[in-house]
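Before any comments, here is the structure.
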Amino acid sequence: QVQLVESGGGLVQAGGSLRLSCAAPGRIFSANAMGWYRQAPGKQRELVARISSGGSTTYADSVKGRFTISKDNAKNTMYLQMNSLKPEDTGNYYCTIDILMTTYWGRGTQVTVSS
């Protein structure tokens with residue numbers, strides 16, 4: 001089992017910023033694609049952003065220009081910088097890593113944006 005540990009969630013006012021972090025085991029971190037998903041109450045889980053092992057990134061249209069995904073291979077940590085947050089960004093944010101056609105999930109960190 002792969003252990004992913006998210007942190008950095010919290011309560012923030014609309015227009016504010018948060019940075020989420022995801023720590024992964026070093027032996028797998030740099031060699032695999034990773035991502036952030038979120039799930040709002042009563043809604044399906046959705047992709048927020050992904051980063052390939054080579055550093056290529058993709059974003060959901062709803063967060064383009066506001067969120068930035070990145071990773072630090074030396075620290076085995078992936079980040080999601082979230083700026084200009086909106087109430088609709090509220091949800092539980094999950095870190096993922098893809099290994100040999102299997103996606104592993106963290107337990108999530110809650111982000112709440114108040115209006």
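The values are calculated or read from the model by the stated rules, or taken from the named source; none is laboratory data. All figures in this text were calculated on a predicted structure; none of them were measured in a lab. All Cβ positions, glycine included, derive from the backbone under ideal geometry; neighbour counts span all protein chains shown. In case anyone asks, the SASA skips ligands and DNA or RNA and just uses the protein heavy atoms, side chains included. Shrake-Rupley method; radii C 1.70, N 1.55, O 1.52, S 1.80 Å.
Quick look at the values:
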{"quantity": "From SER30, SER62, SER70, residue being within 20 Å of GLN110 (Cβ to Cβ) and of a type in the set (S, T, N, Q)", "calculated": "SER62"}
{"quantity": "Test: ASP89 is under 29 Å from SER115 (Cβ atoms) and either without any contact (Cβ under 8 Å) to a residue 60 or more places away in the chain or open to solvent by less than 50 Å² (accessible area, probe 1.4 Å) (or both)", "calculated": "yes"}
{"quantity": "Those residues of region 64-85 which are surrounded by 14 or more Cβ atoms within 10 Å (Cβ to Cβ) and either part of a loop (DSSP other than H, G, I, E, B) or of a type in the set (S, T, N, Q) (or both), in sequence order", "calculated": "ARG66, THR68, SER70, ASN76, THR77, GLN81, ASN83, LEU85"}
{"quantity": "Criterion: over 30 Å from SER115 (Cβ atoms) and either among the aromatic types (Phe, Trp, Tyr) or over 12 Å from the mean Cα position of the chain (by Cα) (or both) - qualifying residue of ALA14, ALA24, ALA40", "calculated": "ALA24"}
{"quantity": "All strands (runs of 3 or more DSSP E) inside region 10-63 with 2 or more residues being farther than 15 Å from MET78 by Cβ and open to solvent by 60 Å² or more (accessible area, probe 1.4 Å)", "calculated": "10-13"}
{"quantity": "Any hit, region 100-112, residues being within 16 Å of ALA60 (Cβ to Cβ), assigned to a strand (DSSP E or B) and in contact (Cβ under 8 Å) with a residue 40 or more places away in the chain", "calculated": "yes"}
